[in-house]
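The next block holds one structure in the form of structure tokens; read it before the comments.
The values are calculated or read from the model by the stated rules, or taken from the named source; none is laboratory data. Bear in mind that the values here come from a model prediction, so they are computed numbers and not experimental data. Don't worry about glycine lacking a Cβ; one is built from the backbone with ideal geometry, like all the others, and counts go over all protein chains shown.
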């Protein structure tokens, strides 16, 4: 502050001298000679006025338009104060101080403001004196781009922003914050002329398709690409605007983002007591976030994993602070295998809606731990259904997987048996509305292919792909959770709902995209000098080459465009429950062969990869439609 006051005092005297010296082209004009005592008075008045207008309380690096407006007003005040004093002595001195009222405030304002601009520029240059400048352009000249520019300019940033890019023709050729705005077509030449290294995509309102298209176009130009968070991430307080990040694989999925139908999404949760099993897992945690956003009375987070439960509880408590109503967030340690624990929790908290996301899901791991897989996925689901019905819950949503369709893995078989349990138990009259929601892979879930590829790329490769022709369906975790909530509002009679997953993606193409997103190149026969090699292994035990979403391929529309109902053959209730009872006894007794035999009675053609040939039972389970006929499943009917 002292330095600023000293500089202003000097500028005030120099500006007053210049007011009279410039017109007369004299170093010491007669006006100043007669009114020389006004020079120190001008300095004192300037420091006093600037202090009164709080100009010395502003950090120079963050000085904005309001600061310079106050500087202008203060300069005018000083000029008139000095001018009035000069007028009083007009007749005694013979000097005419008229110029003080017009020219002096201009000189004073330019001098003091200019000194601050020079100081700010000097400070900005000192932020990274030894760092190599990262020549950057901001893609987006709207509010998003200007906010990002301000954050980078006044923050501790490594980026040197040289221009703006925008697709709006009305902005082309204009100047924004002292930088030119160019069209996307001019970007290649701009990169070459100005040695651009990084493009910052700052249009949070972009939908998924537009974002994916722009990122792909930028990647072709050979520059680093980073993006600001989306509006959804900003609204949900998952990130701040200046949290730049490298585009994720979710950013280049060419899927149309469909906004949630809030009438459906809120039906089972708003104003209700909700329980989520597996709340610490990828899907369970995101379901819990989406539920809290729609203001339930309370949410019970049910999980056996202590650490995961703790972290999601802490996150949700912070999220609930933004709501006026009191949303109770209650973590409950427990296992779905413990039916009495489930009943106790459901009854104690008066639960209205249950979302069952707890499951063991890692295919290779469950191939070598089949009994625990069956215990958790089969008995656990049966317990959740029976406990929810016993506690008079109004809604139950079961989260399933595409691996339950004609399963080849033990994990998929346990999920298919879980579906059959819910369908069989729901066939009797009940006030509880139940549904099964089936979908494919979600990006970034624990143990999924995306984090595995990410780790392999980070460590320098190779990236392992089981088969060059293998395909999978993908969607983001938030999208899946949002659709699960909406499917809950459509639940009745244990319908199977299939989420619209779009077109399946080749795993090898996914690996290539992830390598490119990290700014690296694929090393292969055509590019022997590439960075990351892709190694082809073989399908692991239980894995399919292609996944399916519906057993009979008969999907019908629902009120939501991204949710379809699968029309599937159902098995006769009494015989199904008898077979399920045998499976349950075998699980408790530790007889894996008996478990497999029971599964084979219900799942046509199922044979675990590790299991020796068994003599399959001759008993067939009839369908409801034709009680005396065996179930016939056409292996050719698939949803691609």
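Numbers below:
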| quantity | calculated |
| --- | --- |
| Failed condition for residue 331, given (1) touching a residue at least 12 places away in the same chain (Cβ under 8 Å); (2) within 23 Å of the chain's Cα centre (by Cα) | (2) |
| Conditions (1) under 26 Å from the mean Cα position of the chain (by Cα); (2) more than 19 Å from residue 206 (Cα to Cα); (3) modelled with pLDDT of 70 or more; number of the one not met by residue 145 | (2) |
| Residue that is modelled with the lowest pLDDT, among those in region 192-214 that are part of a helix (DSSP H, G or I) and surrounded by fewer than 18 Cβ atoms within 10 Å (Cβ to Cβ) | 209 |
| Out of 491, 481, 487, sole residue that is surrounded by 23 or more Cβ atoms within 10 Å (Cβ to Cβ) and in a loop (DSSP other than H, G, I, E, B) | 491 |
| Unmet criterion (only one of (1) buried (at least 22 other Cβ atoms within 10 Å of the Cβ); (2) under 29 Å from the mean Cα position of the chain (by Cα); (3) modelled with pLDDT of 90 or more) for residue 402 | (3) |
| Those helices (runs of 4 or more DSSP H) lying entirely in region 273-353 with at least 1 residues more than 26 Å from residue 489 (Cβ to Cβ) | 306-320, 339-348 |
| Scope region 353-392; condition more than 30 Å from residue 408 (Cβ to Cβ) and surrounded by fewer than 21 Cβ atoms within 10 Å (Cβ to Cβ); matching residues | 389, 390, 392 |
